[in-house]
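Enquirer: Below is the structure I would like to discuss, written out as structure tokens.
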Amino acid sequence: MDPRARRGVPSVTEFLAMGGYAAYVWTAYGITLLVLVLNVAAARRRHRGALRRARELDGRETSRKQATVRQLR
Amino acid sequence: MPLPRWFHLLGSPPFVYRLASKLGPWICAAGCLLLAVGGYWALAVAPPDYQQGEVYRIIYIHPQTAYVGTMAYVLMAVAAGIGFVWRIKLAHAVAVSAAPIGASFTFCALVTGSIWGRPTWGTFWAWGDPRIMFETLLLFLFLGYLMLRAAFDDRDKADRVSAILAVVGIVNVPIIHYSVIWWNTLHQGPTLFAEGGPAMTNDMLVPFLIMFAGFTFFFYWLLLTRLKGEIVERERATRWIRELVAGSRA
């Protein structure tokens, strides 16, 4: 029989101890979670940065056009 | 036979940008939910392994991240190849977006494998082990692709040259997959596609598959987000991008 089924619900300490393999299991899961979070941050930063650069380009061109219009007047 | 309309639409940056914006939140929600449920199931519900005890729980993240990394490479190579042959810029944008995500998942697979190797094989790393070496090569192919691109100022040239590297590198993918069958290696054999069906009982197989789905959805959400950034970067001089940024500024 599965030892956990006999014991019922394992305690939190038991769960965290991972049968003595806590360092391995939690490090592996922790690094994977960290990589996911960093990926989200990087992908969003890339999207926002591109939008910002497009806005700056648009702003520069608009002000250049306005300057030309002023000169022509 | 004329190509269907949606096929042409898939080459249109504004259409794909809007599609990505619409689908993104749903794919993100699906990925996060599956990873949360699967993660809890993997760590707290699934029974311990009769040989490896609790440390086997790395099996719920290690093959999944390795699979997503490999799938990302295939996607990148196919997209880059399509971009190269038919000169579709959007296809190159997809390839560029997949590369850093694929690299990071491959990195995860190597690190989690290394951590798992210490208690089970007695070593973090084994030089000369085919599975480990070809997986490491996959990481270097991703990084090589990105570094090669960075060497060009001209984006079109970077797209074309890096596409060749991406396509050639795809030979590594089947080698990774079959390395544990072709050679005698420390790495254990396939679990899911083992001879005679999955080498797992259902109480382990269900979270195992949920984690596969979760990482896959999460990957596609990251891909769509990066692709949106890439599209804006490449199209910033066009009218629709100006309207887009003007709309977001107001």
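The values are calculated or read from the model by the stated rules, or taken from the named source; none is laboratory data. Computed from a prediction, not measured in an experiment: that's the story for all the values here. As a convention, Cβ positions derive from the backbone with ideal geometry for all residues, glycine included, and neighbour counts pool all protein chains shown. Ligands, DNA and RNA are excluded from the accessible area calculation, which covers all protein heavy atoms including side chains. Shrake-Rupley method; radii C 1.70, N 1.55, O 1.52, S 1.80 Å.
Enquirer: Please verify whether residue B:31 is in contact (Cβ under 8 Å) with a residue 40 or more places away in the chain and farther than 22 Å from residue B:243 by Cα, treating the condition exactly as stated.
Expert: yes
Enquirer: For region B:104-117, what are the residues that are more than 10 Å from chain A (Cβ to nearest Cβ) and in contact (Cβ under 8 Å) with a residue 40 or more places away in the chain?
Expert: Result: B:106, single match.
Enquirer: Any residue in region B:58-71 that is more than 20 Å from residue B:115 (Cβ to Cβ) and within 21 Å of the chain's Cα centre (by Cα)?
Expert: Yes - at least one qualifying residue is present in region B:58-71.
Enquirer: Is it the case that some residue within region B:195-216 is over 30 Å from residue A:37 (Cα atoms), touching a residue at least 24 places away in the same chain (Cβ under 8 Å) and either basic (Lys, Arg) or open to solvent by 30 Å² or more (accessible area, probe 1.4 Å) (or both)?
Expert: Checked against the condition, which is being over 30 Å from residue A:37 (Cα atoms), touching a residue at least 24 places away in the same chain (Cβ under 8 Å) and either basic (Lys, Arg) or open to solvent by 30 Å² or more (accessible area, probe 1.4 Å) (or both), region B:195-216 yields no hits at all.
Enquirer: Here's a follow-up. State the number of residues belonging to region B:70-96 that are within 18 Å of residue B:8 (Cβ to Cβ) and in contact with a helix residue (DSSP H, G or I) (Cβ under 7 Å, 6 or more places away or on another chain).
Expert: 10
Enquirer: Of the conditions (1) within 28 Å of residue B:78 (Cβ to Cβ); (2) more than 9 Å from chain A (Cβ to nearest Cβ); (3) open to solvent by 60 Å² or more (accessible area, probe 1.4 Å), residue B:236 satisfies every one except a single condition; which number is it?
Expert: Every condition holds for residue B:236 apart from (2).
Enquirer: Of the residues that make up region B:122-129, is at least one surrounded by 17 or more Cβ atoms within 10 Å (Cβ to Cβ) and farther than 22 Å from residue A:36 by Cα?
Expert: Within region B:122-129, one or more residues are surrounded by 17 or more Cβ atoms within 10 Å (Cβ to Cβ) and farther than 22 Å from residue A:36 by Cα.
Enquirer: Evaluate region B:217-229: report whether one residue or more is under 21 Å from residue B:56 (Cα atoms) and not aromatic (Phe, Trp, Tyr).
Expert: No, that holds for no residue.
Enquirer: Going through B:213, B:237 one at a time, which residue ends up being of a type in the set (A, V, I, L, M) and modelled with pLDDT of 95 or more?
Expert: Just a single option satisfies the conditions, and that option is B:213.
Enquirer: Also, I was wondering about something else. So in region A:46-70, with the set limited to residues that are surrounded by 12 or more Cβ atoms within 10 Å (Cβ to Cβ) and charged (D, E, K, R), which one is farthest from residue B:93 (Cα to Cα)?
Expert: Step by step, filter region A:46-70, then rank; the result is A:61.
Enquirer: Another question, then. Is one or more of the residues making up region B:35-46 under 30 Å from residue B:203 (Cβ atoms), modelled with pLDDT under 95 and not in a helix (DSSP H, G or I)?
Expert: yes
Enquirer: Does region B:12-25 contain any residue that is more than 12 Å from chain A (Cβ to nearest Cβ) and outside any helix (DSSP H, G or I)?
Expert: yes
Enquirer: May I pose another question? Just checking, does region B:86-93 include any residue being more than 20 Å from residue B:131 (Cα to Cα), more than 14 Å from chain A (Cβ to nearest Cβ) and surrounded by fewer than 15 Cβ atoms within 10 Å (Cβ to Cβ)?
Expert: Looking for residues that are more than 20 Å from residue B:131 (Cα to Cα), more than 14 Å from chain A (Cβ to nearest Cβ) and surrounded by fewer than 15 Cβ atoms within 10 Å (Cβ to Cβ), one finds at least one in region B:86-93, hence yes.
Enquirer: Within the bounds of region B:228-247, is there any residue that is closer than 17 Å to residue B:32 by Cα and more than 17 Å from the chain's Cα centre (by Cα)?
Expert: Scanning region B:228-247, I find no residue that is closer than 17 Å to residue B:32 by Cα and more than 17 Å from the chain's Cα centre (by Cα), so the answer is no.
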